[in-house]
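**Student:** Take a look at this one; I'll ask things after.
None of the figures in this text is laboratory data; all of them are computed from the coordinates on show. Because the structure is predicted, anything quoted here is derived from the model rather than measured. Neighbour counts run over all protein chains shown; Cβ positions are idealised from the backbone, glycine included.
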Amino acid sequence: MPVAAARRLYLRVHAIAMVFTRPRDPESLPARLDRRRIYVLPTRFGLFYAVALMTMLAGALNYNNNPALLLGLMLAGAGLASLVAAQMQLSDLQLIAADAEPVAAGMPLELRLHARAEPGRTRRGLRLDDDGTSDAGPSVLNLDKGAGDAQLLLPTERRGWFDVPKLRLSTTRPLGLARAWAYVWPETPLLVYPTPEPHGPPLPGGRGESAQARLHPAGDDVHHLRGYRAGDARRAIAWKSSARRDTLMVREFEQPIGSEIVLDWHATSGIAYEGRISRLARWVDEAEREGRRFQLRLPGQTPLGPDRGPSHRHACLRALALMPHV
Amino acid sequence: MSRHAPLPLDARTRAWVLWSTGASLLPLLLQLPPHLAAAIAASAVAVTALSWRRPIPGLLRLLIALVLIAIVLMLSRFSIGRDTGCALLAAMLAVKPAETFTLRDGRSLMGFALFAPFATFLLDQGPVSLVLGLVAVLLVLASLQRMADLESGDVKAVGPRQRLGGVGRLLVVGLPIALAAFWLFPRVASPMWGIPERAMARTGLSDRMSPGDWIDLMSDDTPALRVRFFGATPAPAQMYWRGPVMWDFDGRTWTQPRWRPGQAQASTEPGGVRWDYEMEVEPTDSRQLVALDLPLDAPGGAYLDPDHTLQAFRPLNSISRWRLQSAPPARFDADLPLAERRYALALPAGFNPRTLALAHQWRAQAGAGNDAAIVNRALAWIQRDFAYTLETPLLGRHTVDEFLFEQKAGFCEHFSSSFVVLMRAAGIPARVVTGYTGGYRNPLGDYWLVRRSDAHAWAEVWLRGRGWVRVDPTAAVAPERIYDTLESRSSAGTGFEGVRSFGDVTDWMRRGWNDLVVSFDAQRQERLLSPLGVDRLDWRTLIALLAGAIALGLLWMVWLSRRSERERDPVLRAWHRLGRRYRRFGLERMPSEPASTWVSRVAAARPDLAAELGTLSQHFSDWRYADAQTGERSARALTRALRAHRPPATSPGERR
């Protein structure tokens, strides 16, 4: 069937065009989308429009039907103008930065792309996707008053440095006849933390129960209550007080006693390499959640800590993420 | 490209698409026969209403489509032609909304809807079709824009005016290229394939005439031709635009003979007057041309039949122009060949006995040689006893008898037909001639307009020594009904020379449009640059010119698109301009600089300006960020104040 063949040909050409326009190397942001980086090709509907117009124009020329010819040429002119307009929406767009909060492998990484441009030209509804590298859904970049950002959820698989895929910004506006697109390949280091082990042994360094038992007498004296924050350990919730005040309250200890623990690589022997990293990652998270001071000891590295707080946790997870792959 | 599920159309977008389809359908329907158009319009409305909430099942859809096709074919009596094809297109467009629910459906519907205005132009190239076609195109593009917005995931609530404005902008940006291609793209001199004929005839002169069948034509006020005279202009009573000449009569219908090609033309001897004129002929879909009685020679692209009727080589599908010279004949076919004489005397047997009897009686009274006396007697009788009316009863078998002896009232068809039968019965060769008479002079542009309603039928009788002589029995009864002149139609009686009637202006514009656009063709394209001294443009030059023009057009496109959009808010616009006025001092406001920072920067460099600018900036900030004065009036006052502020080039201190 000719239609199917034409469609295949179109997809082929389109795929080739995409390959040719892809950048070879990543670049450091900020980057400006200049005219040489923006490509415009008709969409499938645009081709249909062109073929339909061509038919009409051929007929009009043959019959010397001037009103039809004029109308057809005006439509063709508007189509061409829409090509230029599509290109204009991307050109001179500046991509300032791309960043993302590190996540555990397996969780989607929320990449934020910040863009800026001279205000005045309408740049809305720009589609941002990862060029089919993964099945991440596209997101929309809207610029208001010359600035805007877009979030793209990228699936992650393994810990370590995350290669930001080639990002594609495209638009089919204003008429849907042509797609203008440009690639950005930000050279932004993004980290993916190891996946924490879902179920595993409790924190080492004193049994969990005794640690709790020791906490209680001390806590009775010094603790005060504060409102629940996401990430607080469940055992820290003061259920009775919570019930009384009708909101979740958490006991806070000024100085949890005896909670300092050592998370040692060598203490996790007996399981696979990646499994050990996962277990340590889980322990790091758990210790941090419980507000305990901990030290992470990895082979061939100086021990991290003992310390606590988000930056310590990130330092530990980063060290775990960057453990060499075997 | 998109691997995701089809994007459904939201209600507003769908409404846009459906309205655009309706707008595209409208001009086409107006050109189709009314019953057909009504049927299609009704089914379009019904289908749209049925499928408004949920889709119509596929089988039902197919059924509706088939029924509609059947209706169209039946109403057009299964004759396939240009108009039938257009009707089928309209029918398909009418059914299509039933399956328009996703973005893809919407786009394909819009793509097909674009064919409708084009189909309209195959049937009619008039101003109404053009305006409606433009409106349809604008709406279709606006729908496409709306769908693209939907696809991009950023549907803002844009008002219809703004949306049409955006689309209009695209059209304007593309216009130079479109116009360049229109004038410069090499045209084909002769069509590569023929245009299908219309299956359903429209009113106009044809090769047959039976008394009473012109009622529709006589009320059709659309133009048939426009004429410009160079030099002498004939008197209205001389304006006989001679068309088909009918020889054959079967008792009811007169028909034009089919002459064999190459048959000898009648010899003519032109009279003293010459009329030199150019006709702009509206499309008729037949090859028949008219010419002022009598054309001296056939213009290029046409030929003369033996009875001096003008035929074009190709059907007149579009507006055509003909430069002609005519002269009233002094002698026209003075020696009639015997075969033609017999032909011009033939009458069907068994019809109109009373007329035959009367003719024999007149012949006996007049004697053998005196044909002119019989003609005059008949004219005198008609003038005395007959009346002009458009309300005529259907005639029975003996049409001429019934008209001459019973009704005694009718219009040109009856008069000419009966007169010719009477003459033939009396032994005088005679034939019916159809065409147009008179015309209306449009003072605007100085040309004559002949309408279809000016259609007329008269007679020619052959008299010894003079040949064929035009005799108009209707003119003997009601000359005012025939010679449609300036006095009878325009408001000349009012005495206001400057006041032109609306019709004058519209027809003049129409003529200009025809002149400039509709009748542009390969020949005129060749002479496009003749005012500049280039006699002939061949296609290579055209292509080169076109390439240059397109390059310029593209530059214009880019320039126009690059010009950043004008700030809509007048206050903001005035504020930005104010900031730019400080550029020459190197104190221009930076795009992201807050007003207060800027003012203090200016104050540091130019203390003399600080007070005034500070006040203005304060007002501006109040207007922009405080809710206090957001009225229309305060905005206008602020705009005025911002516009009025001109920083003097030098501070008063420096001036001294």
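**Student:** Restricting things to alpha carbons, tell me how big the protein assembly as shown is in terms of Rg and Dmax, in Å.
**Tutor:** According to the Cα coordinates of the protein assembly as shown, Rg and Dmax are 43.4, 153 Å.
**Student:** Right, another one. Using a basic spin-label model with each label point 7 Å from the Cα along Cα→Cβ, how many nm lie between residue B:529 and residue A:239?
**Tutor:** Inter-label distance under the simple model: 9.6 nm.
**Student:** Continuing with the same structure: Between 0 and 90 degrees, rounded to the nearest ten: what's the tilt of helix B:607-625 against the longest Cα principal axis of chain B?
**Tutor:** Its long axis makes an angle of about 70 degrees.
**Student:** Right, something else. How large is the convex hull of the Cα atoms of segment A:2-192 per residue, expressed in Å³ as a whole number?
**Tutor:** Considering the Cα atoms of segment A:2-192, their hull volume per residue is 122 Å³.
**Student:** Rounded to two decimals, what is the ratio between the C-alpha radius of gyration of chain A and 2.2 N^0.38 Å?
**Tutor:** Against the empirical 2.2 N^0.38 Å value, I get 1.46 for chain A.
**Student:** Using every Cα-Cα pair within segment B:229-335, state what percent have a distance larger than 18 Å.
**Tutor:** 51
**Student:** Dipole of chain A (Lys/Arg Cβ +1, Asp/Glu Cβ -1, origin at the Cα centre): which of A:310, A:146, A:202 lies farthest to the positive side?
**Tutor:** A:146
**Student:** In vacuum, with every alpha carbon of chain B counted as one equal point scatterer, what does the Debye formula give for log10 I(q)/I(0) at q = 0.07, 0.11 Å⁻¹? Two decimals, please.
**Tutor:** -0.68, -1.18
**Student:** Taking the Cβ of each residue in A:38, B:543 as the centre, tally the other Cβ atoms inside 10 Å and list the residues starting with the fewest. Could you put the intermediate results ahead of the total?
**Tutor:** Details: A:38 22, B:543 13.
The fewest-first ordering by Cβ neighbours comes to B:543, A:38.
**Student:** Just the number, please: Stokes-Einstein D of segment A:111-196 in µm²/s, Kirkwood Rh from C-alpha pairs, 4 °C, 1.567 mPa s.
**Tutor:** Approximately 92 µm²/s, per Stokes-Einstein.
**Student:** Tabulate in residue order the Karplus-calculated ³J(HN,Hα) for segment A:110-120, using 6.51 cos²θ - 1.76 cosθ + 1.60 with θ = phi - 60°, rounded to whole Hz; enter x for Gly and Pro.
**Tutor:** Working through the residues one at a time gives 8, 7, 10, 10, 9, 10, 9, 7, 4, x, x Hz.
**Student:** Moving on. Angle, helix B:58-75 long axis vs. longest principal axis of chain B, Cα atoms, 0 to 90°, nearest 10?
**Tutor:** Tilt of helix B:58-75: around 40 degrees.
**Student:** How much net charge surrounds residue B:399 when only the other residues with a Cβ under 13 Å from the Cβ of residue B:399 are counted, with Lys and Arg +1 and Asp and Glu -1?
**Tutor:** Charge balance in the 13 Å sphere: -3.
**Student:** Contour minus end-to-end for residue B:364 and residue B:60, with contour as 0.36 nm per residue of separation and end-to-end as the Cα-Cα distance?
**Tutor:** Full extension of this stretch gives 101.8 nm more.
**Student:** Let me ask something else about it. In deg cm²/dmol and to the nearest 500, what is the mean residue ellipticity at 222 nm of chain B if only DSSP H runs of at least 4 residues count, each as -39500 (n - 2.57), divided by the residue total?
**Tutor:** -14500 deg cm²/dmol
**Student:** Could you give the semi-axes, largest first, of the ellipsoid that matches segment B:208-489, computed as the square roots of 5 times the alpha carbon gyration tensor eigenvalues and rounded to whole Å?
**Tutor:** On the way: eigenvalues 172, 95, 63 Å².
Over the Cα atoms of segment B:208-489, the semi-axes work out to 29, 22, 18 Å.
**Student:** So how far apart, in nm, are the two label points at residue B:192 and residue A:322 if each is 7 Å from Cα heading toward Cβ?
**Tutor:** Computed distance between label sites residue B:192 and residue A:322 equals 6.8 nm.
**Student:** Can you give the log10 of the normalised intensity I(q)/I(0) at q = 0.10, 0.13 Å⁻¹, computed with Debye over equal Cα scatterers of segment B:342-488?
**Tutor:** With no solvent term, the Cα-only Debye profile gives -0.37, -0.60.
**Student:** Helix B:103-113 versus the longest principal axis of chain B: what angle, 0 to 90°, nearest 10, using Cα atoms?
**Tutor:** 40
**Student:** Still on this structure, please answer the following. So if the hydrodynamic radius of segment B:11-156 is defined as the Kirkwood radius over C-alpha pairs, what does Stokes-Einstein give as its diffusion coefficient at 20 °C and 1.002 mPa s, in µm² per second?
**Tutor:** 139
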